[in-house]
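Structure record follows, encoded as structure tokens.
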Amino acid sequence: MSKIIWIDDEVDLLKPHIVFLENKGYAVTPVNNVNEALEMIEAEKFQLALLDENMPGISGLEAIPMLKNLDSSIKIVMVTKNEEEHIMEQAIGSEISDYILKPVNPNQVLLSLKKNLQEDDLVEQKTKLEYQQGFRNLSMELSYLNSYQDWAEYYKKILAWEIKFDKVFDNEFADLLQSQKEEANIQFSKFIEKNYENWLNSSEKPIMSHTAFKEKVKPVLEKDKVLLLMVDNLRYDQWKVVEPLFAKFYNKVSEDYYFSILPTATQYARNSFFAGLMPSEIEKRFPDKWFNDNEEGNKNEHERDFLEDQMKRIGLQSKSMKYLKILNAEFERKILEDFNQHKNNDLLVIVYNFIDILSHAKTDNHIVDQLIRDDKTFRSLTYNWFENSSLIKIIKLAAENGFKLVITTDHGMVYVKKPSQVVGDRETSTNIRYKTGKSLTYDEKDVWAITNPEKIFLPKGNLSSKYIFAKNNIFLAYPKNYNHFVNYYKDTYQHGGISLEEVIIPISILEPK
């Protein structure tokens, strides 16, 4: 039973309201002054205080910090007949949970109590009930997904449920939802196998890595200054969680998605985004700047050159551009401090590597591994990082300086669980979700194999090179030191293969408030 303390100098007149609340299951203690209330709160635990704003002696506003000092967890609902804006601002700034205007209606009080004391339980019950009702529809809908639009909308529905379940303590239905997503990924891999090559040779295709800049960024840049923020490895669910942080300074103009090319890896997908070309086309146009998997060299060193070339090809050569890549917090702070030096560019590009660094740290760092136990904890940690980062301050400055914001990523990542053995020679690439090489032996049910890479515009390391892409939540392991390898990579985040999480990624356009 929730214990309430009601502090009001005319509390004797509120007896009918108190009886009403007690009949609803609340234990209400009436007190007619702040000093007595402080003594009671020091002696026993109350979940919530109903606090009159206008009382003789210590006023309600003065009492708020006193109550919080005694019990920082107590929720405070201000009861006031004063509708003046500055009073409301003072109360809200003092971290009240709610306020009620006099004359007090008992149902109004009850609603506030439910909102502040039972909201989590009510949300949990409603979420479970709605999912039970929608479970069958999600399962049936999976059989009728025929287009890339269908798949994108279905994936967003699953993510919406996942984020709702973040607030649910009981994971029974969350586990069921994960099973549905795994089944969806199995079917999505088949869809990609069937359609991917056709997309690359047809006008009837989703926006993809090599067309995203031209189709989504160019129209905005032709009219306005643009901050293009590419957050490496940002999944769609992570974007939906951090989006409210950006909403403090920006209004959303549009939210869309695009499909990452294969492999869903930085070397391929991000270079393709900035070049506006597929990987084999980049290799042909820039033979000295493209490095295959088995070649030495920084494989993402020339993104700025690729972007400048694309801007010339699509008629944006008159636009000034600054390209910045944030690899650590120190450089992030430097960009914040030096923002005035960049604000006059037509296009300011910031590549932000934090999430990619964090996903790799889960593999290599025991403490990070314990912090990120699943998608839910990864979303939470992503939000906390963004909330306290210098990047948000950079976003604020960009809004103040009139930049439109385009936020996107190069690919997503998937939580891998199941190993699949691959045998290759010493020239075989080392990626966990895809392999390229000339001598590959693998389990055909676990991968999509491409024996003619040129058909999907991928470079060939040599004449007999092929590519294989892991499906669903599979990761590729060599027989040598197999058990050690499996234990090391199982339950980590990887990218390069085929899954909803890796392929369908966000691109949103926002304008300053």
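Computed from the coordinates by the stated procedures, all read-outs in this text should not be read as laboratory data. Worth saying up front: this structure is predicted, and the values here are computed from it rather than measured. Reconstructed Cβ throughout: ideal geometry from the backbone, glycine too, with neighbour counts over all protein chains shown.
The label point for residue 129 and the one for residue 62, both projected 7 Å from the Cα toward the Cβ, are 4.6 nm apart. Distance distribution P(r), segment 410-513, all Cα-Cα pairs, bin width 5 angstrom from 0: 2, 13, 21, 22, 18, 11, 5, 3, 2, 2, 1, 0 percent. For residue 258, nonlocal amide neighbours, meaning residues 5 or more places apart or on other chains whose placed amide H falls under 5 Å from its own, are 505, 507.
Taking all pairs of distinct Cα atoms, average 1/r, flip it, and tell me the Kirkwood hydrodynamic radius of segment 308-360 in Å to one decimal place.
12.6
Of the chymotrypsin sites (Phe, Trp or Tyr not before Pro) found in segment 461-491, no site is in coil according to DSSP while having at most 15 other Cβ atoms within 10 Å of its Cβ. Over the chain, one equal point on each Cα, no solvent: what is log10 I(q)/I(0) by the Debye formula at q = 0.05, 0.07, 0.13 Å⁻¹? Evaluating at q = 0.05, 0.07, 0.13 Å⁻¹ gives log10 I(q)/I(0) of -0.27, -0.51, -1.23. The modelled label-to-label distance between residue 256 and residue 486, using points 7 Å beyond Cα along the C-beta direction, is 4.4 nm. Helix 303-313 sits at what angle to the longest principal axis of the chain, using alpha carbons and giving 0 to 90 degrees rounded to 10? Compared with the principal axis, the helix lies near 80 degrees. With a Förster radius of 41 Å, plug the Cβ-Cβ distance of residue 163 and residue 318 into 1/(1 + (r/R0)^6) and report the FRET value to the nearest 0.05. Computed FRET efficiency for residue 163 and residue 318: 0.45. Among rounded, prolate and oblate, which fits segment 3-117 when a ≥ b ≥ c are the square roots of the eigenvalues of its C-alpha gyration tensor, a/c under 1.5 means rounded, and a/b larger than b/c means prolate? Rounded, because the longest to shortest axis ratio a/c is under 1.5. Cα convex hull, segment 1-66: 74 Å³ per residue, rounded to a whole number.
Modelled label positions at residue 20 and residue 137, each set 7 Å beyond Cα in the direction of Cβ, lie 3.6 nm from each other.
By DSSP, the beta bridges lying fully in the chain are antiparallel in about 40 percent of cases. Distances between every pair of Cα atoms in segment 120-200, grouped in 10 Å steps from 0 to the bin holding the largest one, split as 17, 47, 25, 10, 2 percent. Backbone phi angles across segment 380-395, fed through the Karplus curve with coefficients 6.51, -1.76 and 1.60 (θ = phi - 60°), yield HN-Hα couplings of 4, 5, 4, 4, 4, 5, 4, 4, 10, 8, 5, 4, 4, 5, 5, 4 Hz in residue order; Gly and Pro are listed as x.
Note down the Stokes-Einstein diffusion coefficient of segment 257-382 in µm²/s, whole number, using a Kirkwood radius over alpha carbon pairs, 20 °C, and 1.002 mPa s. For these conditions, the coefficient is 127 µm²/s.
Plugging the Kirkwood radius over Cα pairs into Stokes-Einstein for segment 183-301, at a temperature of 37 °C and a viscosity of 0.692 mPa s, what D comes out in µm²/s? Before the final figure, lay out each step's value.
Details: Rh = 16.5 Å.
My calculation gives 199 µm²/s for D.
Note on segment 260-303: Cα convex hull, mean projected area over all directions, 2.7 nm².
With the helix formula -39500 (n - 2.57) applied to DSSP H stretches of n ≥ 4, the chain reaches a computed 222 nm mean residue ellipticity of -13500 deg cm²/dmol.
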